[in-house]
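What follows is calculated from the coordinates using simple rules that are stated; it is not laboratory data. Every value quoted in this text rests on a predicted model; they were computed, and no experiment measured them. Here Cβ is always computed from backbone atoms with ideal geometry, including for glycine, and neighbour counts include all displayed protein chains.
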Amino acid sequence: MANYKDWSVEFTPSYTPEEMLKAGVFEGKYINAIKGLPASWKSIPKVLGPKAEPDETVNKFGVKSRQPLSTWVDNGWIKTDKNGWFEWYCHYFLGRRLGKEDDFQIGRWKSFVARHQGQIVANCGPKDDKCRPRQRQALLQWGWDSSTKYDDAQRAKNLKEFSSEPFGKKEEIKEVKK
């Protein structure tokens, strides 16, 4: 099962990788390239098969909202996980720890969520899904619920949910090798 005892208190996403996939992320495709994940994740209805074309209509907000992998490489954001942040998150969720790289990825997550959620709050009503759908989709793809505030109270609530017993028992998972 996932290992939460050494989960960083700085990393407080709203969603697990599985919940993100069920909601609709990455045009249904990104997960196909990631190894070592529970097979059940790849059979979620909004996850398309390896030969299918990306389909933005499976995304929760119905829009494409991601940069090409080449942008991630050019910016030096790719470290151990060659498929980027979501791959890192999946493995972190499953219990793998990489020390300084975890700190790097968590720092990127905090910066991204704070910046984009700030734009949602400044320009939209929190429940107005039609306002800034690309930013809302991007936030979902970074594990954040765009209908909430990015503040200490919400982050504490998310952390409490991540550390609760039922959360950690959603599904049996195998250990991921480094």
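Modelled this way, with points 7 Å down the Cα-to-C-beta line, the labels at VAL9 and VAL63 are 3.6 nm from one another.
In this label model, CYS131 and ALA39 are separated by 4.6 nm, measuring between points 7 Å along each Cα→Cβ vector. Isolated cysteines in the chain, defined as those with no second cysteine Cβ under 4.7 Å, comprise CYS90.
Within a straight-line Cα-Cα reach of under 20 Å, LYS42 can be paired with the following aspartates and glutamates, leaving aside sequence neighbours fewer than 8 residues apart in one chain: GLU18, GLU19, GLU27, GLU53, ASP55, GLU56, ASP81, GLU87, GLU171, GLU172, GLU175.
Express the Stokes-Einstein translational diffusion coefficient of the chain in µm² s⁻¹, to the nearest whole number, given a Kirkwood radius over alpha-carbon pairs, 20 °C and a viscosity of 1.002 mPa s. Can you show the working numbers first?
Details: Rh = 16.7 Å.
Taking Rh from Cα pairs, D becomes 128 µm²/s.
Derived scalar couplings between HN and Hα for the range 61-66 equal 9, x, 10, 7, 8, 6 Hz in order, rounded to whole Hz, by the Karplus curve 6.51 cos²θ - 1.76 cosθ + 1.60 (θ = phi - 60°), x for Gly and Pro. Ranked by the mean number of other Cβ atoms within 10 Å of their residues, highest first, the peptides 148-154, 89-95 come out as 89-95, 148-154. For the pair GLU53 and TRP77, a Förster radius of 22 Å applied to the C-beta separation gives a FRET efficiency near 0.30, rounded to the nearest 0.05. Exceedance of the 21 Å cut-off in Cα-Cα distance is limited, within the set LYS82/LYS130; LYS22/LYS60; LYS60/LYS157; LYS35/LYS82; LYS46/LYS82, to LYS82/LYS130; LYS60/LYS157; LYS46/LYS82.
With the convex hull built on the Cα atoms of the range 3-98, state its orientation-averaged projected area in nm².
6.6
At 0.36 nm per residue, minus the direct Cα-Cα distance, what do ASN32 and ASN123 gain on full extension? Give it in nm, one decimal, please.
Between ASN32 and ASN123, full extension yields an extra 29.3 nm.
Given +1 at the Cβ of Lys and Arg, -1 at the Cβ of Asp and Glu and no other charges, the dipole of the range 17-168 around its Cα centre is 140 debye to the nearest 20. Mean residue ellipticity, 222 nm, helices only, the chain: the sum of -39500 (n - 2.57) across DSSP H runs of n ≥ 4, divided by residue count and rounded to 500, is -12000 deg cm²/dmol. Applying the Karplus relation 6.51 cos²θ - 1.76 cosθ + 1.60 with θ = phi - 60° to the range 17-26 yields 3J(HN,Hα) values of x, 4, 5, 4, 4, 5, 6, x, 9, 6 Hz, where x marks Gly and Pro.
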